[in-house]
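The values are calculated or read from the model by the stated rules, or taken from the named source; none is laboratory data. Predicted model only: the values in this text are computed from it and were never measured. All Cβ positions, even for glycine, are placed from backbone atoms using ideal geometry, and neighbour counts span all protein chains on display.
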Amino acid sequence: MEFKTTVEEQWRGKEVKVRGVRVTGRTMFEVGLVIEGQAKLLSPVDTGRLAASITTQAFDHGTNPTGQGAVGTDKIAAPRSGMMVLVGTPVFYGPYMEFGTVKTDAQPFLRPALALAKGQTGTIIMKNGKLVFKDYLK
């Protein structure tokens, strides 16, 4: 018995893998943006600098040949791996606000934002998966 396949039915494993990586990267960045938005809402406000400094950085896929992260006084560095997204603040007092000190109580904003974003990860990955694999889902 011989099976014949058309071009559409042939195994396209490499293409599927590339699309899967695209879904993962896009999802991670979107979850990072959700965390950033929640952290800005939850951060304690005095001057507003802490909330304004919270940023999301994803891996630079070749657009920055030096491999150096973001520059500037209120930016965090870019991750060095493609499977990583960083959300944080470069202001020196950010960790003191998040974890507290011996003289002040903690006012966490990043950890609660992460906890809130965890519940949205499944929805975001489903949306991105449907978008990237739409021609396979016909």
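Here are the numbers:
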| quantity | calculated |
| --- | --- |
| Residue check, Val91 modelled with pLDDT of 90 or more, farther than 23 Å from Met126 by Cβ, touching a Ser or Thr at 6+ places or on another chain (Cβ under 9 Å) and not in a helix (DSSP H, G or I) | yes |
| Region 112-126, residues that are within 15 Å of the chain's Cα centre (by Cα) and closer than 17 Å to Thr24 by Cβ | Ala117, Lys118, Gln120, Thr121, Gly122, Thr123, Ile124, Ile125 |
| Test: residue in region 105-120 that is under 14 Å from Ile54 (Cα atoms), in a helix (DSSP H, G or I) and free of Cβ contacts under 8 Å to residues at least 60 places away in the same chain | yes |
| Enumeration of residues in region 119-136 that are under 15 Å from Ile35 (Cα atoms) and of a type in the set (S, T, N, Q) | Gln120, Thr121, Thr123 |
| Matching residues in region 12-55 - criterion: being farther than 30 Å from Ala106 by Cα, among the charged types (D, E, K, R) and part of a helix (DSSP H, G or I) | Lys14, Glu15, Lys17, Arg19, Arg22, Arg26 |
| Close pairs from region 46-59: first farther than 15 Å from Leu114 by Cα, partner of a type in the set (Asp, Glu), Cβ under 9 Å, at least 6 apart | Arg49/Asp74; Ala52/Asp74; Ser53/Asp74 |
| Number of the condition not met by Gly100 [criteria: (1) surrounded by 12 or more Cβ atoms within 10 Å (Cβ to Cβ); (2) at negative phi] | (2) |
| Residues being of a type in the set (S, T, N, Q) and either modelled with pLDDT under 90 or over 19 Å from Phe92 (Cα atoms) (or both) - total across region 32-56 | 1 |
| Residues that are in contact with a helix residue (DSSP H, G or I) (Cβ under 9 Å, 6 or more places away or on another chain) and in a loop (DSSP other than H, G, I, E, B), drawn from region 78-88 | Gly82, Met83, Met84 |
| Flag for Ala106 being over 16 Å from Lys40 (Cβ atoms), in contact with a Gly (Cβ under 8 Å, 6 or more places away or on another chain) and at pLDDT 90 or above | yes |
